[in-house]
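Peer 1: I have a structure I would like to understand better, so I am pasting it below and will then ask my questions one at a time.
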Amino acid sequence: MVRNQSSSPVEATGRRTGDVDVVGMWVTPDGHIRQELRADGRYDEARGTRRSAYTGRYTVTGKHLDYVDDTGFTATGDIRDGVPFHEHLVLYKEQQA
């Protein structure tokens with residue numbers, strides 16, 4: 001997760017105290033969209049059978065997400081009760097077996 005410049009204390013994980021941890025694989029309920037949010041502040045989003053359909057970077061400020069695609073497209077989202085709402089999508093953490 002990329003840190004934003006702030007005077008907030010930084011935890012050992014490298015994120016600011018108060019920023020929600022979203023690192024991991026997130027999927028839509030139908031599994032069509034799979035968004036990997038990496039600890040280095042990068043994301044990789046698959047759509048259906050199209051791997052890496054969108055890639056870019058993201059930042060977390062508190063419970064707010066900002067995305068910047070590698071093409072320059074921007075999007076936003078919010079985390080509500082631990083669930084990312086990315087524009088019109090609702091994503092759920094993929095459970096590891």
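The values are calculated or read from the model by the stated rules, or taken from the named source; none is laboratory data. What you are looking at is a predicted structure, and each value in this text was computed from that prediction instead of being measured. Backbone-built Cβ (ideal geometry, glycine too); neighbour counts: all protein chains shown. Quick note on the areas: whole protein, heavy atoms, side chains included, nothing else; ligands and nucleic acids left out. Shrake-Rupley method; radii C 1.70, N 1.55, O 1.52, S 1.80 Å.
Peer 1: Count, please, the residues in the stretch 26-40 that happen to be among the charged types (D, E, K, R) and within 15 Å of Leu65 (Cβ to Cβ).
Peer 2: Selection size over the stretch 26-40: 2.
Peer 1: Okay, moving on. For Met25, state whether it is at pLDDT 95 or above, open to solvent by 20 Å² or more (accessible area, probe 1.4 Å) and either more than 10 Å from the chain's Cα centre (by Cα) or hydrophobic (A, V, I, L, M, F, W, C) (or both).
Peer 2: Considered against the rule, which asks whether it is at pLDDT 95 or above, open to solvent by 20 Å² or more (accessible area, probe 1.4 Å) and either more than 10 Å from the chain's Cα centre (by Cα) or hydrophobic (A, V, I, L, M, F, W, C) (or both), Met25 comes out as yes.
Peer 1: When the stretch 51-62 is examined, which residues are found to be assigned to a strand (DSSP E or B) and open to solvent by less than 50 Å² (accessible area, probe 1.4 Å)?
Peer 2: Within the stretch 51-62, Ala53, Thr55, Gly56, Tyr58, Thr59, Val60 meet the criteria.
Peer 1: Looking at the stretch 32-47, which of its residues are of a type outside the set (Asp, Glu) and either under 11 Å from the mean Cα position of the chain (by Cα) or open to solvent by 40 Å² or more (accessible area, probe 1.4 Å) (or both)?
Peer 2: His32, Arg34, Gln35, Leu37, Arg38, Ala39, Gly41, Arg42, Tyr43, Arg47
Peer 1: Within the stretch 63-97, can you find the residues that are more than 10 Å from the chain's Cα centre (by Cα), of a type in the set (Gly, Ala, Ser) and part of a strand (DSSP E or B)?
Peer 2: Ala75
Peer 1: Specify the residue that is surrounded by the most Cβ atoms within 10 Å (Cβ to Cβ); the eligible residues are those in the stretch 74-85 that are touching a residue at least 12 places away in the same chain (Cβ under 8 Å) and more than 14 Å from Met25 (Cα to Cα). Steps first, answer last, please.
Peer 2: In the first step, residues of the stretch 74-85 are kept if they are touching a residue at least 12 places away in the same chain (Cβ under 8 Å); the result is 75-80, 82, 84.
Narrowing further to those that are more than 14 Å from Met25 (Cα to Cα): 75-80.
Working: Ala75: 15, Thr76: 12, Gly77: 22, Asp78: 13, Ile79: 19, Arg80: 11.
Once the filter is applied, the top-ranked residue is Gly77.
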